[in-house]
Amino acid sequence: MTWPIRAQRTVYENPWIRVVEDDVIRPDGSEGIYGVVEMRHAAVFVVALTDADEVLLVTVDRHTVGRSIEVPAGGSDGEDPLVAARRELVEETGFEADDWREIGAMSALNGICRAPESVWLATGLSPAAARAHGDPHGHAHGQVEEGIHEVRAVPWAEVMRMVRDGEIGDGESVAALMYAALALGRVA
């Protein structure tokens with residue numbers, strides 16, 4: 001059952017998001033307002049797995065929460081999700097992948113957002129040509145701009161410990177890793 005919307009106004013927008021305020025009828029029949037953040041484009045999350053069973057993780061400084069350990073991710077900018085996933089992996093880690101498989105779809109913060117996301121498993125990793133021949137410091141395009149200051153390959157078991165102990169606290173990364181665990185047959 002959806003909440004009927006009597007009226008809707010845009011209270012803020014930029015190229016990435018739109019915030020709307022809906023006049024709604026709640027499930028109990030009462031009237032109310034509901035603020036919703038709408039993402040302009042779907043996001044992509046990449047669980048990149050090395051041949052040695054390691055996951056590529058990025059450490060990024062987020063304006064909202066500070067330092068965060070995450071899987072590579074970002075907005076699709078209106079691109080095909082696979083094209084966006086490939087771009088995000090190269091931009092954030094400096095690696096590309098030969099094999100790609102979509103392993104999940106989810107919605108972020110669905111109590112307040114309309115934010116569709118897809119999750120991708122990337123294998124057959126190798127350094128991207130741009131990294132090998134580009135920045136003399138070895139930074140992939142986009143790392144400095146996005147506040148990424150570390151990219152590391154972490155063994156699968158250690159990644160699971162990091163999730164359990166709260167070192168990986170980004171909910172979308174945790175969900176993406178769960179989709180990967182399911183796709184890889186590591187949980188039933």
Whether any residue in the stretch 146-166 is modelled with pLDDT under 95, open to solvent by 70 Å² or more (accessible area, probe 1.4 Å) and more than 20 Å from residue 68 (Cβ to Cβ) is what I want to check. no
Could you count how many residues in the stretch 104-125 are open to solvent by 30 Å² or more (accessible area, probe 1.4 Å), over 13 Å from the mean Cα position of the chain (by Cα) and within 17 Å of residue 83 (Cα to Cα)? 2
Suppose the filter is within 24 Å of residue 156 (Cα to Cα), not assigned by the TED database to the domain that holds residue 12 and not β-branched (Val, Ile, Thr); does residue 72 pass it? yes
Among all residue pairs at least 6 apart or on different chains, which show Cβ distances below 6 Å where the first residue, located in the stretch 165-178, is within 14 Å of residue 58 (Cα to Cα) and the second is part of a helix (DSSP H, G or I) and open to solvent by 50 Å² or more (accessible area, probe 1.4 Å)? none
Within the set of pairs 6 or more residues apart or between chains, which connect a residue that is within 10 Å of residue 115 (Cβ to Cβ) inside the stretch 30-44 to a residue that is of a type in the set (Ser, Thr, Tyr) and not in a loop (DSSP other than H, G, I, E, B) with Cβ atoms less than 7 Å apart? 42/118
When residues of the stretch 45-73 are limited to those that are assigned to a strand (DSSP E or B) and free of Cβ contacts under 8 Å to residues at least 40 places away in the same chain, the one farthest from residue 6 (Cα to Cα): 67
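The values are calculated or read from the model by the stated rules, or taken from the named source; none is laboratory data. None of these values were measured; they are calculated from a predicted model. FYI the Cβ positions are ideal-geometry reconstructions off the backbone, even for glycines, and counts take in every protein chain you see. Quick note on the areas: whole protein, heavy atoms, side chains included, nothing else; ligands and nucleic acids left out. Shrake-Rupley method; radii C 1.70, N 1.55, O 1.52, S 1.80 Å.
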